[in-house]
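What follows is calculated from the coordinates using simple rules that are stated; it is not laboratory data. Since we're looking at a predicted model, the values are computed, not measured. Reconstructed Cβ throughout: ideal geometry from the backbone, glycine too, with neighbour counts over all protein chains shown.
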Amino acid sequence: MRKLLLGSAGLLALATPMLALAAPNAACDAVAGEWRAAGFAAPAKPAQFRVLGRAGRETSGPELLTIAQAIHAACSATDPAVANREAALAEALLQHGKAGL
């Protein structure tokens, strides 16, 4: 089992590989495509005000970290209810990022 890396870079780095390594999980699969499409780069600072993604997406550093944490939780959850809840949070935040801040 992987150890959870602390800090913003660790969480963002963990989100994308976790999508590829996770066991089949419908909640994880649902949010994986949206995460990849968003194309957010790691913020220079965890509290960075604007983080830009593909297709005009925009979010903040703290919100991006929340998304990464929710994706990690959804993809590593063994309880489908927890996976669904975390995936719904990530999806809602990713949808918010489509509209910009």
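Under a 5 Å amide H cut-off, with hydrogens placed 1.01 Å from N, Val51 pairs with Thr59, Ser60, Gly61 among residues at least 5 apart or on other chains. Around Ala42, what is the net charge, scoring Lys/Arg as +1 and Asp/Glu as -1 over all other residues with Cβ under 14 Å from its Cβ? Charge balance near Ala42 sits at +1.
Rounded to the nearest Hz, the phi-derived 3J(HN,Hα) couplings of segment 52-59 under the Karplus curve 6.51 cos²θ - 1.76 cosθ + 1.60 (θ = phi - 60°) are 9, x, 6, 6, x, 5, 8, 8, where x marks glycine and proline.
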